[in-house]
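K.L.:
Below you will find the structure I want to go over with you.
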Amino acid sequence: MELDLTGRHLSISEELRALAGAQVERLDRLLNDSAVSARVVLDLEGGRHCVDVKVHAREDHLLHGAAEAESWDAALHAAFDKVLHQAQTVKGKWESRHRRGERAGTAPGKPPETATS
């Protein structure tokens with residue numbers, strides 16, 4: 001997954017880059033190869049640490065999470081928790097659609113009918 005990390009009113013240190021990278025890895029594990037890119041904007045507004053996360057996934061799904069907290073770690077974790085929750089919902093829909101289409105012409109829970117002689 002491609003990660004675009006932007007800092008407003010601050011310069012991004014290696015520690016911040018590592019924190020954001022760890023959160024993106026959590027999301028990448030959940031979505032496998034379905035996530036295309038992630039854009040993380042870090043903003044420092046009057047002592048508040050604001051994080052805005054946008055993730056583009058397959059089939060034009062856009063997952064968004066925003067949070068602000070007293071520390072970068074807490075803000076990143078809160079924003080990515082929102083995105084992870086959305087990702088779990090989307091992944092569940094993808095999986096249910098895949099299961100539903102496996103056996104065309106049969107009702108769920110019933111075995112396929114076979115011709116008997």
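Bear in mind these aren't lab numbers, they're just calculated from the coordinates by the rules spelled out. This one's a predicted model, so the numbers in the text were calculated from it and none came from an experiment. Positions of Cβ are generated from backbone atoms using ideal geometry, with glycine treated the same way; all protein chains shown enter the neighbour counts.
K.L.:
As a test, work out the antiparallel percent of DSSP beta bridges whose residues both lie in region 2-91, rounded to the nearest 5.
P.N.:
Antiparallel: roughly 75 percent of the beta bridges in region 2-91.
K.L.:
Compute the signed sum of charges (Lys and Arg +1, Asp and Glu -1) over the other residues within less than 11 Å, Cβ to Cβ, of Glu59.
P.N.:
Result for the local shell: +2.
K.L.:
Name the long-range amide H neighbours of Val36: under 5 Å, sequence gap of 5 or more, or other chain; modelled H, no Pro or chain starts.
P.N.:
For Val36, whose amide H was placed from the backbone, the distant partners under 5 Å are His56, Ala57, Arg58.
K.L.:
What is the spin-label model distance, in nm, from Arg58 to Leu3 if the labels are put 7 Å beyond Cα along the C-beta direction?
P.N.:
Computed distance between label sites Arg58 and Leu3 equals 2.3 nm.
K.L.:
With labels modelled as points extended 7 Å from the Cα through the Cβ direction, what inter-label distance (nm, one decimal) is found for Glu25 paired with Ala78?
P.N.:
Between Glu25 and Ala78, the label points sit 2.5 nm apart.
K.L.:
Report the full-extension gain for the segment Arg48 to Glu14: residue separation times 0.36 nm, less the Cα-Cα distance, to one decimal in nm.
P.N.:
Going from the current span to full extension adds 10.3 nm.
K.L.:
Once you sort the root eigenvalues of the Cα gyration tensor of region 2-91 as a ≥ b ≥ c, which label holds: rounded (a/c under 1.5), prolate (a/b larger than b/c) or oblate (the other case)?
P.N.:
prolate
K.L.:
Another question, then. Please sort 10-23, 32-45, 70-83 by packing, taking for each peptide the average over its residues of neighbouring beta carbons within 10 angstrom, highest first.
P.N.:
70-83, 32-45, 10-23
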